[in-house]
Amino acid sequence: MPDLDDLLHAAVGGVGGTERPGQVEMAHAVARAVETGEHLLVQAGTGTGKSLAYLVPAVQHAMATGRTAVVATATLALQAQIVDRDMPRLAESLTPVLGRRPTYALVKGRRNYVCLHKLEGGFPDDDADSLLAVGDVDRAASRLGAEVVRLRDWAEVTESGDRDELVPGVSERAWRQVSVSAEECLGSRCPMVAECFVERSREAARDVDVIVTNHSFMAIDAFEGRQMLPEHDVLVVDEGHELVDRVTSTITDELTPGSVRAASKRAGRQADSAEALDDAAALLESVLEPMPEGRLTAVPDSLALALGRIRDVARQAQTELKPQQGEEVDGAKQVARAAVEDLFETAARMLEERELDVVWLSKDPRRGPVLRVAPMSVAMLVRDKVFEDRTVVITSATLELGGTFDAVAGTIGLRGEGAPRWRGLDVGSPFDYPKQGIAYVAKHLPPPGRDGTAPQTFDEIEALVRAANGRTLGLFSSMRAAREATEEMRNRLEDTDIVILCQGEDQISTLVREFARDVRTCLFGTLSLWQGVDVPGSSCQLVIIDRVPFPRPDDPLASARSQAIARMGGNGFMAVSATHAALRLAQGAGRLIRRGDDRGVVAFLDSRMMTARYAGFLQRSLPPFWPTADREMVLGALRRLDEIAPPPLPVLEPTRRGLTGAVAGTSMAAAAPVAGVTEADERPVADAPPPPPSSRTAVTEGHAWTAQEDEELRDGVELGLSLGELAESMELPPSAVEARLTGLGLEAGKGPTLTFD
């Protein structure tokens, strides 16, 4: 097996990049973790080239041992980047060195694929007015019908059946007409199992070197023991800051009167207990309607009665719907069984009142009362199910808080008695943030309130967007705020050619491509845009953050976690709310600088970034941009950037995929052009330029510390210098100095990272 450095050198050359110290350090750390079995948490800033830093040692291990390596991401955007760009060019460049072409595959949950049996009428319709039940005349008048007609046509030509291949996309309601969940699937008893997109793709992925999937799929595979992924002894979790939330979401259950009625409808004439389920739904609704929203610290007797009724009737329905020996497969019965099994398990879980479970009630304008249950902590579950039988590498640009990985490590079970061995490493970022970006706080604006966005804030957004002449990614704390800003800016900017797009108006991937393609376009949205958007170049020169993204005060999980920490003597606000906000801010601000030649402004429209007691903590989470509160200077900088901006970079377009998720028309066993463009995949792909010269490429907060500097720190602490004085004397950002002090076990005065004038 070739040396890791030789493989990395070949891979970097194959993608047209340059080796970076942080990338090399990370690749060796990953290889060492794989060899020793010691888990690794590695923080790698944007521009480090971390995908290659873990893919190269993963490929090396897979080809040396014959065992698959798994890479799990949080976002579809990163999945597509790895499968469409990184792995094809990596495989091409490593083939001459390794002697064979590395293989790879994309694996997703069943709901992401078309079900051919459902298309053929093998399952009942999810909606009474769906296409599959209407005639040709209704098709022309029905948007839903038109969408599913299009899905039918597409299903005849697609090789993968993967929803993400379909552009423009279709509504969730339309997609439900052609897909099934894992619980609804007939499995090996399906008459079309030999043609099934899911089964064929998983079979094709069985013996590949690298599998790319998502956090949720990986979690289900680990927790439920379904063995949907091949056996593997190496797992890389990219976008690791999202792991806890994604795992929590995966094992969150909900119950509504509507879901009970839907299960009753599906059971229909196939189960005598269907009518009893309707009665149980009415009882649940009568109990939940008068109850206030919020967390239930205990299940009231009336609710326990309703839940017990649902559990018992669902158990009876399960028995009635169980297929008899030799009985012919029935899609309608399988869908009904899946629905009542979900009712039984959820109601039983809520009645158990497990120590770490949090139960809460919310009122949805469309669905009515919704009862949910989720774990307060997934730390022990992740420790036992994810870290137990494999080496795990967790990486992200935001894993280290206050110079330590302890906070993140604690949430995933790597601290406390019995915790497995692990190592934390920060390889920094090659970007020169103070020269490339400005952090602007609009300190003159009123603090955000609960009554919507203030007129002065809209004035600020308008002034910033006009100065940038478009080129704006707006990150908002709620969809309501994003929609309000979208409508307001569309009205205010009618005299310009600036276009405002809003999340929810199309698939995220489609909106991001439109934003990247046209510099006069702005994109406004909420949570998924804070971390899933990668738009390098001149299309994104302004990132607006409307407010500090704390969890909602009435968020039941966040408040339960805060209270639990407070009971143990900790600071619940800082440990939960402030940490949540710090991670989101770091991710959001990180949307601005994606390449070595990017320039721009991150504008915070929340004065608490400067005035609150926790401001320093939040500021230390940000990349070390050049800070200011000077409005006119920022507007002038945006105008100058617009005047000198180069054309936008070419945009990667979606394409047809094969069974393994690779671009259709390419073979993993055959050569493909190094540039990553084939006849079947005529999509311009821009290579990242080399980073600008910078010394910010090493261990702590991007700074390469020397033994002499460490001695200077020790001397300064002994002299009683404050953090600000130490930072000034060493000509370094306070965040870098503070992180190194923590690493050395030293203390100095505390102060904010950024000093806004």
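Values for this structure:
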| read-out | value |
| --- | --- |
| Every residue from region 264-280 that is surrounded by 24 or more Cβ atoms within 10 Å (Cβ to Cβ), modelled with pLDDT of 90 or more and not hydroxyl-bearing (Ser, Thr, Tyr) | Leu277, Ala280 |
| Val42 vs. criteria assigned to a strand (DSSP E or B) and within 24 Å of the chain's Cα centre (by Cα) | yes |
| Residue satisfying all of: in region 225-244; among the charged types (D, E, K, R) and either touching a strand residue (DSSP E or B) at 6+ places or on another chain (Cβ under 6 Å) or crowded, with 17+ Cβ neighbours inside 10 Å (or both); modelled with the highest pLDDT among these | Asp238 |
| Boolean, Asp384 is open to solvent by 40 Å² or more (accessible area, probe 1.4 Å), assigned to a helix (DSSP H, G or I), without any contact (Cβ under 8 Å) to a residue 40 or more places away in the chain and farther than 29 Å from Ala222 by Cβ | no |
| Top-ranked residue of region 506-550 - restricted to ones that are acidic (Asp, Glu) and farther than 24 Å from Ala582 by Cβ, ranked as farthest from the chain's Cα centre (by Cα) | Asp518 |
| Members of region 148-164 that are among the charged types (D, E, K, R), assigned to a helix (DSSP H, G or I) and buried (at least 19 other Cβ atoms within 10 Å of the Cβ) | Arg163 |
| Residue satisfying all of: in region 314-329; out of contact with any Phe, Trp or Tyr (no Cβ under 9 Å at 6 or more places or on another chain) and within 18 Å of Val260 (Cβ to Cβ); surrounded by the most Cβ atoms within 10 Å (Cβ to Cβ) among these | Leu321 |
| Strands (runs of 3 or more DSSP E) contained in region 230-334 and holding at least 1 residues in contact with an Asp or Glu (Cβ under 8 Å, 6 or more places away or on another chain), farther than 29 Å from Thr75 by Cα and small (Gly, Ala, Ser) | 294-296 |
| Residue check for Gly636: in a helix (DSSP H, G or I), at pLDDT below 95 and more than 24 Å from the chain's Cα centre (by Cα) | no |
| Selection status of Arg423, in contact (Cβ under 8 Å) with a residue 40 or more places away in the chain, surrounded by fewer than 18 Cβ atoms within 10 Å (Cβ to Cβ), basic (Lys, Arg) and within 30 Å of Glu747 (Cα to Cα) | yes |
| Single residue of Ala31, Ala58 found to be assigned to a helix (DSSP H, G or I), at pLDDT 95 or above and open to solvent by 10 Å² or more (accessible area, probe 1.4 Å) | Ala31 |
| Matching option when the condition is closer than 19 Å to Ala306 by Cβ and touching a Lys or Arg at 6+ places or on another chain (Cβ under 8 Å), among Leu283, Leu296 | Leu283 |
| Residues of region 170-206 that turn out to be surrounded by fewer than 18 Cβ atoms within 10 Å (Cβ to Cβ) and part of a loop (DSSP other than H, G, I, E, B), as a count | 7 |
| Search result, residues across region 61-106 that are touching a Phe, Trp or Tyr at 6+ places or on another chain (Cβ under 7 Å) and farther than 24 Å from Ala31 by Cβ | none |
| Qualifying residue in region 364-371 (condition: modelled with pLDDT under 90 and in a strand (DSSP E or B)) | yes |
| Residue count for region 389-410, restricted to those that are touching a residue at least 12 places away in the same chain (Cβ under 8 Å) and among the acidic types (Asp, Glu) | 2 |
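Each row is one residue, and each column tells you yes or no for (1) in contact (Cβ under 8 Å) with a residue 12 or more places away in the chain; (2) closer than 19 Å to Thr75 by Cα.
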position	(1), (2)
Asp459	no, no
Arg466	yes, no
Asn469	yes, no
Arg480	yes, no
Arg490	no, no
Ser509	yes, yes
Glu514	yes, yes
Arg520	yes, no
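Here is a yes/no grid of residues against (1) within 24 Å of the chain's Cα centre (by Cα); (2) charged (D, E, K, R):
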{"position": "Val335", "(1), (2)": "no, no"}
{"position": "Ala348", "(1), (2)": "no, no"}
{"position": "Glu353", "(1), (2)": "no, yes"}
{"position": "Met376", "(1), (2)": "yes, no"}
{"position": "Ile412", "(1), (2)": "yes, no"}
{"position": "Gly418", "(1), (2)": "no, no"}
{"position": "Arg423", "(1), (2)": "yes, yes"}
{"position": "Asp426", "(1), (2)": "yes, yes"}
{"position": "Pro430", "(1), (2)": "yes, no"}
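The values are calculated or read from the model by the stated rules, or taken from the named source; none is laboratory data. The model shown is predicted, which means the values in this text are computed figures rather than measured ones. Here Cβ is always computed from backbone atoms with ideal geometry, including for glycine, and neighbour counts include all displayed protein chains. What goes into the accessible areas is simple: the full protein's heavy atoms, side chains included, and nothing from ligands, DNA or RNA. Shrake-Rupley method; radii C 1.70, N 1.55, O 1.52, S 1.80 Å.
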